[in-house]
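Chemist: I am attaching a structure below and will ask some questions about it afterwards.
The values are calculated or read from the model by the stated rules, or taken from the named source; none is laboratory data. What you see is a predicted model; the values in this text were computed from it and never measured. We place every Cβ from the backbone using ideal geometry, glycine too, and count neighbours over all the protein chains shown.
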Amino acid sequence: MSAGPATPAVALRGLRKSFGAVEAVADVDLEIADGEFFSMLGPSGSGKTTVLRMIAGFEPPTAGSVLLGGRDVTRLAPFERDVNTVFQDYALFPHMTVRQNVEYGLRVRRVGRAERRDRAAEALRSVRLDGLADRRPAALSGGQRQRVALARALVVRPKVLLLDEPLGALDLKLREQMQVELKALQREVGITFVFVTHDQEEALTMSDRVAVFEHGRIAQVGTPAEVYERPATPFVAGFVGTSNLLGGEAARAVLGREGTFSIRPEKIRLDGSPPTAEETSAGGRVAEVVYAGATTRFVVDLDAGARLVVTQQNLTTTSADVAALRGRPVRLAWRTEHAVAVPVPAVPTPLPKESAHAYR
Amino acid sequence: MATSTLDRPAGGATAARGPVRRLSAWLHRHAGVRLAALLAAPLFWLVVAYLGALAVLFVSALWTVNGFTGEVVRQPTLDNFRTIVTDEVYRTVALRSVGVAAAVTVIDTLIALPMAFYMAKVAKPRHRRWLVVAILTPLWASYLVKAYAWRVLLANGGPVDWLFGGPGSGPGYGLGATVLVLAYLWLPYMILPIYAGLERLPDSLLEASADLGARAGRTFRAVVLPVVVPSVIAGSIFTFSLSLGDYITVQIVGGKTQLIGNLVYVNIGAANNLPFAAALATIPVLIMVGYLVAVRRSGALEEL
């Protein structure tokens, strides 16, 4: 790259987008490194897709700028930008065969017929679709269409690939399989991926870094471990994983400290053995037991007046064993450093009532 | 005990069923009767009123008129068709009619494509409804009034003349005026199907094309046009057949121009030769059948 290795592949500076009175994106600053698998995570309406569309050039920003490889492209049309998009609905051309779809970008760039064929065949092979080149998109399954869309975007060798909830329409098994394939493909081609999703697990498992969006702003940017283990706001704690917060009176009583703290459910044990020197403990009563096959989820009302969720692996227990714990008093214990202080923003934002993907 | 109390009201409801309910239940079990009830009226209309009238037309085209008494001679003969095929005048008029219909269709397509594209893809969604209303409004006005309005517009020294720079500078009445007015009259029939077709075209297809490097022109040719071809054909069937059958507009703004419709009209009225009029009327029918076969052959309808 002429711009040098330190130049970010994508840089957003003070990006804003308003639709009438609604501010969809409010002041986003972001740098995405070359070759990175970067996810933008957030609930619907948090502005993540709008940011993606501004990078692609489909929406002009109200303010701020978009830089690709150091070049300001804010005012350029989509066809002048070296990025390609995989659309949520795949957007395959229905009147063209799979091969014609994949060749489209090359044909537009006036690539010769022979080279076009070769590169399209290679792209289809990379997504394991080589047998289906002559089919129409209507004759393909959802997962196959998804891969055609990928091949069509990758065949023109963009610097950055934008993916707008590409796995959203697939069922769970296929989605998990495609997650693995996408990650492998990204490593293979070495292209920067910018991946939009509302699925926190998807973001955590695939990404090098994650940006969590909330009301058009970035609440936190970091590696999956940082975002999960050290959530920057109560919103991030709730949206990425389960909201398990201790605050106010309960925090003072249990932890002896002021503030709001997040404890991940799997870090808490309720096996009854006495707490060690490194652990904090609290007594409570089991309000609800949810058996989920591999794990069991306990909702525990603390004597100090907060409610915590505890996840335990079902190493030896069965559903009958755990169900018997309902209504029983228990003693919870966790390593003291796992109660992470969560800074509450000056203007408190409402916590999501229920995160759709809190438990997986 | 619990099951028996549940059973009793259900049994009571069966006994209390009225005749309407029983009929519904009976129909539910007899799918064939249901289908017959649904299709009886439309099938009667299609077979008797529609195909029946067409059959009478073909049969009467084989009859002749006694030149002396003016009575219809019900003797099957191909004389009428022989006259149409051999006489130069009818061939010229038929070709002229097809030419007018084709010209009207091409003009309407060229105007309707950008208009429908604007309505379906560029205009704000809340404006779309009003644009559709605006396109439909002329259809509420009488055909005759609109044709006469154009007669005034095209009159010697009228507004169109004035636009072209003085009396006598405009196209005046004639073949050109006929094409112009027919194109005006049938334009909504071309815009609406194309608009409907474009509305079904997802925006993401246009974005994907731009994303892959295509400029607007290329996107229009490679993505929009192939997707709307069936809609254009649907619209062209309207504009083509309506133009082919028209005889009033020609009389109003066509000057001395005659189309097939005029000949049919003259033979029914002045010449009192209904069988020959019927024979002439089969020409547009055959042309439309030929057009539909060609459209089917082209495979354009398979994308529907």
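Chemist: Taking only the range A:128-141 into account, find how many residues are within 25 Å of the chain's Cα centre (by Cα) and either within 14 Å of chain B (Cβ to nearest Cβ) or surrounded by 13 or more Cβ atoms within 10 Å (Cβ to Cβ) (or both).
Modeler: 0
Chemist: Within the group B:T105, B:T92, which residue is at pLDDT 90 or above, surrounded by 10 or more Cβ atoms within 10 Å (Cβ to Cβ), under 30 Å from B:T249 (Cα atoms) and touching a Phe, Trp or Tyr at 6+ places or on another chain (Cβ under 9 Å)?
Modeler: B:T105
Chemist: I'd like to check which helices (runs of 4 or more DSSP H) are fully inside the range A:104-190 and have at least 3 residues that are within 16 Å of B:A208 (Cβ to Cβ) and of a type in the set (D, E, K, R).
Modeler: Fully inside the range A:104-190 and qualifying: A:142-154.
To keep it simple, each residue is scored yes or no on (1) more than 30 Å from A:R107 (Cβ to Cβ); (2) modelled with pLDDT of 90 or more; (3) touching a His at 6+ places or on another chain (Cβ under 9 Å); (4) not assigned by TED's automatic domain parsing to the domain that holds B:V104.
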{"position": "B:P188", "(1), (2), (3), (4)": "yes, yes, no, no"}
{"position": "B:I194", "(1), (2), (3), (4)": "no, yes, no, no"}
{"position": "B:V223", "(1), (2), (3), (4)": "no, yes, yes, no"}
{"position": "B:V250", "(1), (2), (3), (4)": "yes, yes, no, no"}
{"position": "B:V266", "(1), (2), (3), (4)": "yes, no, no, no"}
{"position": "B:N272", "(1), (2), (3), (4)": "yes, no, no, no"}
{"position": "B:L292", "(1), (2), (3), (4)": "yes, no, no, no"}
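Chemist: What single numbered condition from (1) touching a Ser or Thr at 6+ places or on another chain (Cβ under 8 Å); (2) modelled with pLDDT of 90 or more; (3) not assigned by TED's automatic domain parsing to the domain that holds B:I287 fails to hold for B:N80?
Modeler: The failed condition is (2).
Chemist: Looking for whichever is crowded, with 20+ Cβ neighbours inside 10 Å, over 19 Å from the mean Cα position of the chain (by Cα) and touching a residue at least 12 places away in the same chain (Cβ under 8 Å) here; the options are B:L263, B:L274, B:L244, B:L259. Which one fits?
Modeler: Result: B:L263 is the single residue among B:L263, B:L274, B:L244, B:L259 that is crowded, with 20+ Cβ neighbours inside 10 Å, over 19 Å from the mean Cα position of the chain (by Cα) and touching a residue at least 12 places away in the same chain (Cβ under 8 Å).
Chemist: Separate question: Which of (1) touching a strand residue (DSSP E or B) at 6+ places or on another chain (Cβ under 8 Å); (2) away from every other protein chain (no Cβ under 14 Å); (3) in contact (Cβ under 8 Å) with a residue 24 or more places away in the chain; (4) not in a strand (DSSP E or B) does A:T74 not meet, given it meets every other one?
Modeler: Here A:T74 clears every test but (3).
Chemist: State all residues of the range A:246-262 that are among the aliphatic types (A, V, I, L, M) and either closer than 12 Å to A:P343 by Cβ or part of a helix (DSSP H, G or I) (or both); if no residue qualifies, say none.
Modeler: A:A250, A:A251, A:A253, A:V254, A:L255
Chemist: What are the pairs, 6+ residues apart or on separate chains, where a residue within the range B:211-226 that is under 19 Å from A:F87 (Cα atoms) and at the interface with chain A (Cβ under 7 Å from one of its Cβ atoms) has its Cβ under 6 Å from a residue that is surrounded by fewer than 17 Cβ atoms within 10 Å (Cβ to Cβ) and modelled with pLDDT of 90 or more?
Modeler: From the range B:211-226, the pairs are B:G213/A:R109.
Chemist: Has the range B:176-189 got any residue that is surrounded by 20 or more Cβ atoms within 10 Å (Cβ to Cβ) and within 14 Å of another protein chain (Cβ to nearest Cβ)?
Modeler: The answer is no; no qualifying residue exists.
Chemist: Would you confirm whether or not the range A:112-125 contains a residue that is in the same structural domain as A:V51 (by TED's automatic domain parsing) and touching a residue at least 40 places away in the same chain (Cβ under 8 Å)?
Modeler: no
Chemist: While we're on this one: Across the range A:78-105, which residue is surrounded by the fewest Cβ atoms within 10 Å (Cβ to Cβ) among those that are within 9 Å of chain B (Cβ to nearest Cβ), under 20 Å from B:R221 (Cβ atoms) and among the aliphatic types (A, V, I, L, M)?
Modeler: A:M96
Chemist: Tell me whether the range B:208-215 contains one or more residues that are under 30 Å from A:F79 (Cα atoms), of a type in the set (D, E, K, R) and not in a helix (DSSP H, G or I).
Modeler: Checked the range B:208-215: at least one residue is under 30 Å from A:F79 (Cα atoms), of a type in the set (D, E, K, R) and not in a helix (DSSP H, G or I).
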